[in-house]
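Let me begin by presenting the structure, written as structure tokens, before commenting on it.
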Amino acid sequence: MGLFLLGMLVGAVIVGWWWRATRSASAPAARVPAAGSDPPPAAPGPAPAPGLEAVEDPLVAALIAARERVAAAPRVWRPDDLTALAPFRELADVFARPEVETERVLHYWQGDDALLSWGALAGLARRPRDGEVETRLLARVNHFHPWSRHFLLRVLEAWSPGDASLAGRVLVRLDESWGREETGVVLDQFLRRRADGAPVGFEGADPPETFDADLLDRILREQVEPGLGALWRAALRAAGASQEPSAAGPAGGAPPAEPAAGEVERGVPPGMAAPRAPLAEVGRFRRPGTVKEERALPTPSSDAALERAHAALTAKPARPALVVGEAGVGKSALVRRLAARLSAEGWTIFEASAAQINAGMSFTGSLEERLRVLRRGLARPKTLWIAPDFHQMLWAGRHSQSPTGLLEMLVPAIEAGDVLVLGETRPEALERVLAERPEVGRLFEIVRLAPPPEDEIAGLLAAWAARARATHGVEAPEEVRAEAAALARQYLSAHASPGGVLRLLDGALEDAVRRAPAGGPAELAMDDLVSALARLTGLPQDLLDERRTLDLEAVRGRFEARVIGQPEAVRCLVERLALLKAGVTDPGRPTGVFLFAGPSGTGKTELAKTLADYLFGAPDRLVRLDMSELQDAAAFERVLGAGAALGPGGHSLAERVRRQPFCVVLLDEFEKAHPRVWDLFLQVFDDGRLTDPRGETTDFRQAIIILTSNLGTASAGEVRLGLVGGGDALAPGTIERAVERAFRPELRNRLDRVVVFRALTRDVMRLILRKELADAFARRGLRRRDWAVELEESAIELLIERGFSATLGARPLRRALEQLLLTPLAAAIVDRRAPEGDQFLFVRADGDGLAVEFVDPDAAETAPLELPRLASAPGAMEVASVAFEARGTRAEVGTLRAALAALVARVEDGAWRTAKEALLLESAEPGFWERADRFERLGRAEYLDRIENGARAAASLLERIEGNPAAPRESYPRDVVRRLAQQLHLLGAAADEALGAGPRDAFVSVEPLLEDNVPPGPSREFARRVAAMYEGWARARGMRLTALEAPAGTPGEEPRHVFAIAGFAAYALLAGEDGLHVLEWEEAGARAPRRVTARVRVAPQPAAPARDGAAGLRRQAGEALAAAPPTTHVARRYREGAAPLVRDAARGWRTGRVDRVFAGDFDLIPARD
């Protein structure tokens, strides 16, 4: 018998040896670490990893290199962290190469080297799906290390992202190893990921014969988040694969099993398995004796409060405590001191806020399950839960389906003594908690912590100075500490004492340490305080440092450069900044509360943005609330935050200002909000405080609040654009009376000032247009181009017409600039049609759009065409002659300079200014707006203004042409000189007739006259050429030309070309064109020259603007041309052929340049005797 047993033993040894040898030769078995072990480290030393002996193989060489880089990387503790390492991604890339056979990848996956196994799985996830390999992976889902299981599941997910059955197919193959904590985490994360995109169910799972439904039920119950686990367990029961679990579980009252030795991790108390309960992810446990006491700065009052809280928590029976005080008073410091003291006495500390407890509770019953686990874990002697912001427990957990919050669920456990809580909150929040849950006042010891008195603060600051001296070698003189306390009271009022001053001193200490010499002593200085305060508040140091002067004129100039034409509003804000600088603002109210009232588009919002940019330099410091969205009483949520059952209102006004109290608050269109919403702001405007439904108080005392309103401007559209003075339509008194009628006295009395914004005048529109142009050309695509931009008056008028509105102000301007100017320029740049180098960029109106022309000032000069001059000396050349044929000589520039000086002298003459002022004053006379000549009078005042601006533009162009006066040029760009001469020619003609009462703009009609001996074709063609001549003239002179359809005539009447032309001296320059225009030419074999005739009629445009757009303008043209007297005289004769000649009867000139006349230069040809 003994020999038989011995033979059996030897045979078993031989068989075992043979089995291990053959298994190792085919595929080495994976090494499964014990439960709770760390992730396997990389293979130590230079020894090659198993399976990497053949270095000659390129794959093996790449794997060795990649693996060594992974092994040298920092140690990681989660598989997701490993995936984020670049060396590991390189290792996965090697396995993902198409040339690497799949079987070879699987060989490394099943090998002993953990890094290569995980890299192989990560590489598989990047390969195309392989059904056979997928089956093999599913069959081995219970093997290897938990990290290998993580990467295996990742492969399955990558191959089947939309497969609804994947989670079920995995679950039915799990064995008891998934019941361990380290693998349970992998399973929980996998099911969470699948829950986002696939239904919960076991359809298509195809369970194997070894499937154990009860085992799976237990795994889901213990290792998966309760809410999600409950859904899978319900699906398991619905599939008929499971029975209800035994009542012997936790719900049946049986005590929970004690954890295994490896389950007590990270200070979690015995009896509470960290991964099994979600608490380890949301809170922090501290073992007894591990909470170190911070170097706090106690005061007698805080010491007394600490002793009171300690006595309550350690009493028999223990009583939970609430530390109550304003922000900054020292609640958190007291709680930390008490936690350190209790930890030293053998207590376990658990710290978690209500938000952390409620995080991830997306399924019904999840929060209740978490609280049951929490109660079991904390129901032990000397275990304390620290709950920051205790009042949040009142609302945490509430939702639309359940009004029950976290606090209501916890009260029974607190009352039973199972859970001992140390919370902290603020007085207003506590009042709200007590109003809803009065039993809190009975259950908790309320420890109120008030700001310490001045003598205690002085002692506290002295203790802070001693600590700074001991730890950093920095001296903090008493006067610097006193100044810090004063600055904190003024600027950091959102934090009660001593929190504000300590924050300021800590920031200043950092600066002092940074600038101190290496190893040498330093002293805290006022500059350190100012620098730290500037970082805390965002305010400029010039405003905070009383030793520095604040240049109010420079500030005013900065504001007026961005908001043009509103000096009263700018002055109001500059004065408020002066009060803030001097430190004399009321510390109990907001820094300022202003109502900006006036027409839309006049700069109210822009001024608020300018203020925020000056004070803080950041756009997010402008907190804007559109009050037009708060027109019903239920709109409080936009101001206060969401209701108690809807979660925190993170985007409300109160929350935004709470996060950043140093800001500019813009309440846009305040008058459109509901009156009950107005009432919310009474306390804000008065005391600078706003309390939301949760008891959270927002401090507005460091904010500047700006209300905007359009009250009193309903009739603004009746006033002509750019002209102010229509009775009381936009007068400040009218707007102020509208404000008084709209708002109750208790609201108006809380405003620091009502600032009336003026409607935009024509001068202001021009300045705004110039500013927007400068901003546009400072953009990246344009600022690097050497372009000198010159806007002709016609372009300015078109942009003003399109960019400004009586109802919208300057709001359409940017859109008009983009559509009319920037978009064509961008197209030219993209298509490379825009020239490089220095260029003059001339912009003029062309119909309903803008035309842009580039002129190269350094282009090669060509010989000018000869044209006899009327003048006998170069100094007496006429401006029109230079405009007709400029040579670019110094004498021509001198002529233009003299003409410009004469023009400037005229517009600056007393008679000119007196006439302009008289025209503007007429608009204030009673009955002016009912007078028939009101449009003519106001239009003439506007005309004078346009001439003045045109003179300034001409002066700017002349300055650019001349360049450096110290180095005069011998020649100048002819095209630019010609443009300036043409501009001065028009301005001079306009100035000649500006002070009179004559018309300024014209209607022009061109029609062929048919003769019996001439076919109609030549007559119509000549009429078309004459019409094209006027179109070219208007385009070259920068006039606004609108082509109109011919007025209705009798049947058979020849169609006419009709234009409306507006611009400088348009009617004065075209009046001589009225009459018959005759074209003659020689024809072979004919006795007499052939002749065709066109009739040109010029009529003045009325001063009153046309109604109904183009239709009204056509109607005006028909009436004006019909009223003009018939003309029978010949205005101009044209002769073409061998001896071309044009004779102008009205102007008295003749020329052989027929081409230049038809090009539209007929007004530039000098007359001769």
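The values are calculated or read from the model by the stated rules, or taken from the named source; none is laboratory data. None of the values given here were measured: they were computed from a predicted structure. We place every Cβ from the backbone using ideal geometry, glycine too, and count neighbours over all the protein chains shown.
When both residues are 6+ apart or on different chains and their Cβ atoms are under 8 Å apart, which pairs have a first residue that lies in region 655-670 and is farther than 27 Å from Asp632 by Cβ, and a second that is of a type in the set (Gly, Ala, Ser) and assigned to a loop (DSSP other than H, G, I, E, B)?
Pro661/Ala494; Pro661/Ala703; Phe662/Gly538; Phe662/Ala703
I want to confirm something. Restricting to region 600-634 and keeping residues that are aliphatic (A, V, I, L, M) and surrounded by fewer than 16 Cβ atoms within 10 Å (Cβ to Cβ), which single residue is modelled with the lowest pLDDT?
Ala633
Could you grab the pairs with beta carbons closer than 6 Å, sequence gap of 6+ or different chains, first residue in region 1018-1029 and part of a helix (DSSP H, G or I), second one not hydrophobic (A, V, I, L, M, F, W, C)?
Ser1019/Pro1008; Arg1020/Pro1008; Ala1023/Pro1008; Val1026/His1077; Ala1027/His1057; Met1029/Gly1160
Only one of (1) surrounded by fewer than 17 Cβ atoms within 10 Å (Cβ to Cβ); (2) modelled with pLDDT of 80 or more; (3) not in a helix (DSSP H, G or I) fails for Ala788. Which number is that?
Condition not satisfied by Ala788: (2).
To keep it simple, each residue is scored yes or no on (1) outside any helix (DSSP H, G or I); (2) within 16 Å of His143 (Cα to Cα); (3) at pLDDT below 85.
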site	(1), (2), (3)
Glu68	no, no, yes
Ala71	no, no, yes
Arg75	yes, no, yes
Asp80	no, no, yes
Ala92	no, no, no
Val105	no, no, no
Asp112	yes, yes, yes
Ala120	no, yes, no
Gly123	no, no, no
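If I go through region 1003-1024 residue by residue, how many of them are of a type in the set (S, T, N, Q) and at pLDDT 80 or above? Steps first, please.
Here is the first cut: in region 1003-1024, the residues of a type in the set (S, T, N, Q) are 1005, 1013, 1019.
Checking the rest, the ones that are also at pLDDT 80 or above come to 1005, 1019.
Of the residues in that region, 2 qualify.
How do the helices (runs of 4 or more DSSP H) wholly within region 732-777 filter down when requiring 1 or more residues that are buried (at least 20 other Cβ atoms within 10 Å of the Cβ) and under 30 Å from the mean Cα position of the chain (by Cα): which remain?
762-777
Starting from region 167-180, keep only residues that are not assigned by TED's automatic domain parsing to the domain that holds Glu209, then list their pairs with residues that are in a helix (DSSP H, G or I) whose Cβ atoms are within a distance under 7 Å, requiring at least 6 positions of separation or different chains.
As it stands, the answer is none, since no pair meets every condition given.
Which of the residues that make up region 1048-1071 are modelled with pLDDT under 90, surrounded by fewer than 17 Cβ atoms within 10 Å (Cβ to Cβ) and not acidic (Asp, Glu)?
Passing the criteria: Ala1048, Gly1049, Thr1050, Pro1051, Gly1052, Pro1055.
List pairs: first residue in region 539-551 and over 22 Å from Ala703 (Cβ atoms), second residue assigned to a helix (DSSP H, G or I) anywhere in the structure, Cβ distance under 6 angstrom, at least six positions apart or on different chains.
So the pair list comes out as Arg548/Asp542.
So is Val1014 surrounded by fewer than 18 Cβ atoms within 10 Å (Cβ to Cβ) and β-branched (Val, Ile, Thr) or not?
For Val1014, the condition - surrounded by fewer than 18 Cβ atoms within 10 Å (Cβ to Cβ) and β-branched (Val, Ile, Thr) - is met.
For region 1087-1107, check the following and say yes or no: at least one residue is modelled with pLDDT of 90 or more, in a strand (DSSP E or B) and either within 52 Å of the chain's Cα centre (by Cα) or in the same structural domain as Leu799 (by TED's automatic domain parsing) (or both).
Yes - at least one qualifying residue is present in region 1087-1107.
Would you mind finding the one in Ala997, Ala991 that is more than 47 Å from the chain's Cα centre (by Cα), in a helix (DSSP H, G or I) and either basic (Lys, Arg) or closer than 14 Å to Tyr943 by Cβ (or both)?
Ala991
Filter region 167-193 down to residues that are in a helix (DSSP H, G or I) and over 43 Å from the mean Cα position of the chain (by Cα), then give me how many there are. Quick ask: steps written out before the conclusion?
As a first pass, look at region 167-193 and keep what is in a helix (DSSP H, G or I): 167-171, 176-179, 181-193.
With over 43 Å from the mean Cα position of the chain (by Cα) added as a condition, the list becomes 168-171, 176-179, 181-184.
Residues that pass the stated criteria total 12.
Checking the structure you have, find out if any residue of region 1132-1142 is in contact with a strand residue (DSSP E or B) (Cβ under 7 Å, 6 or more places away or on another chain), surrounded by fewer than 17 Cβ atoms within 10 Å (Cβ to Cβ) and at pLDDT 85 or above.
Taking region 1132-1142 as the starting set, the residues that turn out to be in contact with a strand residue (DSSP E or B) (Cβ under 7 Å, 6 or more places away or on another chain) are 1132-1137, 1141-1142.
Subsequent filtering for residues that are surrounded by fewer than 17 Cβ atoms within 10 Å (Cβ to Cβ) retains 1136-1137, 1141.
Pick out the ones that are also at pLDDT 85 or above and you get 1136, 1141.
Yes, the conditions are met somewhere in region 1132-1142.
Take region 125-137 and flag every residue that is surrounded by 14 or more Cβ atoms within 10 Å (Cβ to Cβ) and not in a loop (DSSP other than H, G, I, E, B).
Passing the criteria: Val133, Glu134, Leu137.
Looking at (1) crowded, with 21+ Cβ neighbours inside 10 Å; (2) free of Cβ contacts under 8 Å to residues at least 60 places away in the same chain; (3) over 42 Å from the mean Cα position of the chain (by Cα), which one does Ala512 not meet, given that it meets all the others?
Unmet for Ala512, out of (1) crowded, with 21+ Cβ neighbours inside 10 Å; (2) free of Cβ contacts under 8 Å to residues at least 60 places away in the same chain; (3) over 42 Å from the mean Cα position of the chain (by Cα): (3).
Got a number for residues in region 403-451 being touching an Asp or Glu at 6+ places or on another chain (Cβ under 8 Å) and assigned to a helix (DSSP H, G or I)?
So the answer is 8.
Pairs only if they're at least six apart or on different chains, beta carbon under 8 angstrom, first in region 1140-1155 and in contact (Cβ under 8 Å) with a residue 60 or more places away in the chain and in a strand (DSSP E or B), second aromatic (Phe, Trp, Tyr) and surrounded by 17 or more Cβ atoms within 10 Å (Cβ to Cβ); list them, first residue then second.
Note: pairs meeting the criteria are Asp1144/Phe1162.
Listed here are the residues, each with its yes/no results for (1) assigned to a strand (DSSP E or B); (2) closer than 30 Å to Leu711 by Cα; (3) outside the structural domain of Phe670 (by TED's automatic domain parsing).
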site	(1), (2), (3)
Leu799	no, yes, yes
Leu817	no, yes, yes
Leu820	no, no, yes
Arg833	no, no, yes
Val843	yes, no, yes
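Testing Pro968 on (1) surrounded by fewer than 20 Cβ atoms within 10 Å (Cβ to Cβ); (2) part of a helix (DSSP H, G or I), one condition comes back false. Which one is that?
So Pro968 meets the others, but not (2).
Return the residue satisfying two criteria in turn: it lies in region 910-959 and is assigned to a loop (DSSP other than H, G, I, E, B) and among the hydrophobic types (A, V, I, L, M, F, W, C), and of such residues it is modelled with the lowest pLDDT.
Ala924
Yes/no matrix, rows are residues, columns are (1) of a type outside the set (Gly, Ala, Ser); (2) assigned to a helix (DSSP H, G or I); (3) surrounded by 21 or more Cβ atoms within 10 Å (Cβ to Cβ); (4) more than 40 Å from the chain's Cα centre (by Cα):
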{"position": "Ser332", "(1), (2), (3), (4)": "no, yes, no, no"}
{"position": "Arg336", "(1), (2), (3), (4)": "yes, yes, no, no"}
{"position": "Ala340", "(1), (2), (3), (4)": "no, yes, no, yes"}
{"position": "Ile349", "(1), (2), (3), (4)": "yes, no, yes, yes"}
{"position": "Gln356", "(1), (2), (3), (4)": "yes, yes, no, no"}
{"position": "Gly360", "(1), (2), (3), (4)": "no, no, no, no"}
{"position": "Thr364", "(1), (2), (3), (4)": "yes, no, no, no"}
{"position": "Leu367", "(1), (2), (3), (4)": "yes, yes, yes, no"}
{"position": "Arg376", "(1), (2), (3), (4)": "yes, yes, no, yes"}
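Counting just the residues of region 83-96 that are within 36 Å of the chain's Cα centre (by Cα) and aliphatic (A, V, I, L, M), which one comes out surrounded by the most Cβ atoms within 10 Å (Cβ to Cβ)?
Leu85
Outside any loop (DSSP other than H, G, I, E, B), over 30 Å from Asn358 (Cβ atoms) and at pLDDT below 85: which single residue out of Asp196, Asp214 fits that description? Write out each step before concluding.
Working: Asp196 fails: over 30 Å from Asn358 (Cβ atoms).
After applying the criteria, what remains is Asp214.
Tell me which helices (runs of 4 or more DSSP H) are completely within region 467-568 and hold 3 or more residues being within 21 Å of Pro587 (Cα to Cα) and of a type in the set (Gly, Ala, Ser), or say none if there are none.
The qualifying helices (runs of 4 or more DSSP H) are 478-491.
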